Structures are given as C-alpha cells and as structure tokens.
1. How many residues does region 5-37 hold that are under 22 Å from residue 121 (Cβ atoms) and aromatic (Phe, Trp, Tyr)?
2. Take residue 61 and decide whether it is exposed (fewer than 11 other Cβ atoms within 10 Å of the Cβ) and aliphatic (A, V, I, L, M).
3. Against the condition basic (Lys, Arg), within 16 Å of the ligand (Cβ to nearest atom) and either at pLDDT below 90 or in a helix (DSSP H, G or I) (or both), how does residue 48 come out, does it pass?
4. Tell me, which residue of region 115-124 that is more than 12 Å from the ligand (Cβ to nearest atom) and without any contact (Cβ under 8 Å) to a residue 60 or more places away in the chain is nearest to the chain's Cα centre (by Cα)?
5. Restricting attention to region 121-150, which residues are crowded, with 18+ Cβ neighbours inside 10 Å and touching a helix residue (DSSP H, G or I) at 6+ places or on another chain (Cβ under 9 Å)?
6. Can you tell me which residue among 109, 131 is without any contact (Cβ under 8 Å) to a residue 40 or more places away in the chain and within 9 Å of the ligand (Cβ to nearest atom)?
7. Criterion first (more than 16 Å from the ligand (Cβ to nearest atom) and either within 23 Å of the chain's Cα centre (by Cα) or touching a residue at least 12 places away in the same chain (Cβ under 8 Å) (or both)) does residue 37 satisfy it?
8. So how many residues does region 62-113 have that are of a type outside the set (Gly, Ala, Ser), farther than 18 Å from residue 132 by Cβ and not in a helix (DSSP H, G or I)?
Amino acid sequence: MGEGFIVLVVLAAITAFGVASNDAQFQHPKEDRSRFPPKRYPNAERLKLTAYVVVAASVGALVELVNFGLIFVEASLPAMFSFTLLIVTVALVPIYVLLASTLRCPCCSQHILLQHTTHPKHAKNLNGWLSTAYRAALRQPFQCMYCGQKYVLKI
Ligand SMILES: [Zn+2]
C-alpha cells in the first residue's frame, strides 16, 4: 500500500514535469488568424470520421465511469456488456490518434485534433481538441486551437 502510493506520487511528478517541459518547448504559430474569414476544411470526411471516433470513445468512457460508480450502490451493467464496451472504448483510442495524426490545419500545419500543449493560444474555456471533435461531429464551425483560423465543413 505504502509503496504503491510512492510509485503514484513519482509517476505524477514525472507526468507534471513532462507536461511543463512540453509546454515550455511548444512553438505557437507566429500568425494569429482568428480574425481571418472562415475557410472550408479540406479533409472534411476524414475529420468527421475521426470526430465520430472521439464521440464514441468519450461516450463509452462516460458509461464505464458511471458503471464504476454504480458498484458502490451494488448495481452495475452486465459484466459482459461492460467488458466489451471497455475493449471497444480502449481500441478506439489508437484509431483516433492514427486518424488525427493525418489531420492538420492547412494554415499553421498543426494537428487540428491533437493537443500538443495544455494552453493552445486559441483554446478558450473548453475549446481544446475535444471541443473541436464535438463541433466537427455536429458539423458546427470550429477554430484551429493553435492559429485561430475558423473552419466550416461545407459552405
Ligand atoms: Zn492552425
């Protein structure tokens, strides 16, 4: 128990250090395009597919989280359903990363759905990669969190 706690603290410290040094090294795009007129996003179909993967994985994770909470009131989803959902949800993560790694902002060439810093310049409130994914899934206009360029999926 004590050793597990020490391992957790060390892992948390390493993670915090990694995030901080990553943030320090991240190069923000020089050009602020937040006041430029919206553009049509070129890889709309792949972006939508990736966005659906993100939505499915986040809904799966949310159901698993609620199911975990239900254990404490001695009720939970059938084990087979919960296990299958967990496998599917976990399997969606590398699919998302693979697809998202092919989607870049044509203006600043940063990944439009991969967040490389905790504070992208144009990610106000909850406007990070998850917000971009949900906006794309709902076919709403979205903004590149790095350079601020606004995009629509069709005009
Ligand atoms: Zn951009």
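1. 2
2. Taking the combined requirement at face value, the residue does not satisfy it.
3. no
4. This residue is 115.
5. Listed by number, the residues that qualify are 123, 129, 132, 133, 136, 137, 142, 143, 144, 145.
6. 109
7. no
8. 3
The values are calculated or read from the model by the stated rules, or taken from the named source; none is laboratory data. Please read these numbers as outputs of a predicted model, since none were measured by experiment. Neighbour counts run over all protein chains shown; Cβ positions are idealised from the backbone, glycine included.
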